[in-house]
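Here the structure is laid out as structure tokens; the discussion comes afterwards.
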Amino acid sequence: MALSESTPPPASDFLASSGTLHLVVPSCPSGIGEVILKPDSDKLIHGVRIQPLALWPDDRGYFLELLRSGQSLVQDFPASSTQVSAALSYPGTKKAFHFHLEQTDCWNAVSGMFQFVLVDLRKDSPTLGRRNTIYVGTLRPWQVLIPPGVGHGYKVVGNDPGLLVYATDRFYNPKDEGRIPYNDPRINYDWEIQHK
């Protein structure tokens, strides 16, 4: 991860900086943070947005529209650099945590069920250290916008593979992607089943 010319924050848990965006690993209590049950929850990390997707079922299956360029959560994504990708993960797979200094992600869980996990890493954010857990997928077709500086990851829950289709506001750049282990003791996220 390239560091900027600006002075990084004086923190032992400093991650990266770009311009005025400084990222740190916060110390979080054990648990899963706030479970988000509605798209307009006041517990959402600052800048994270959720939009329910319309699902149109019939006797043949269903239709689900994910993105329209220039509209909805991707309205500010430039057509010239937007990239759409897909990741298929098997049940129980954990992929976490990633973060970006510049890239905005728009996640769509199109099949299976996911436990999305977000953590605010932005030093100057009003929600620094807040964690959100969002259960999405076939049973809850929500689109989730993840701004730069918000760590993100997921676990596929249930018995079926999960297919994540996501758009980014710029082409993939490995220099813009950072990683934190899923079991980092500072983030302290509890990946175990909660309702036993």
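No value in this document is a laboratory result; all are computed from the given coordinates. The structure presented is a predicted model; accordingly, all values stated were derived computationally and were not measured. Here the Cβ is made from the backbone with ideal geometry for all residues, glycine too, and neighbour counts use every protein chain on show.
Starting from the Cα gyration tensor of the range 95-187, take the square roots of the eigenvalues, sort them a ≥ b ≥ c, and report rounded, prolate or oblate (rounded when a/c is under 1.5, otherwise prolate if a/b is larger than b/c, else oblate). Prolate, because a/c is 1.5 or more and a/b exceeds b/c. Placing a label point 7 Å from the Cα of residue 46 along the Cα-to-Cβ direction, the residues of the range 118-148 with a backbone N closer than 17 Å are 119-132, 146-148. Gain on full extension, evaluated as 0.36 nm per residue between residue 65 and residue 172 minus their Cα-Cα distance, stands at 36.2 nm. Between the C-alpha center of the range 130-150 and that of the range 15-82 there is a gap of 5 Å. For the chain, calculate the relative contact order in percent as a whole number, restricting contacts to Cα pairs under 8 Å that are 6 or more residues apart. RCO, the chain: 31 percent.
One equal scatterer on each Cα of the chain, no solvent, Debye formula: the resulting log10 I(q)/I(0) at q = 0.08, 0.15 Å⁻¹ is -0.26, -0.92. Taking a point 7 Å from the Cα of residue 55 along the Cα-to-Cβ direction, the residues of the range 103-125 with backbone N closer than 19 Å to it are 107-117.
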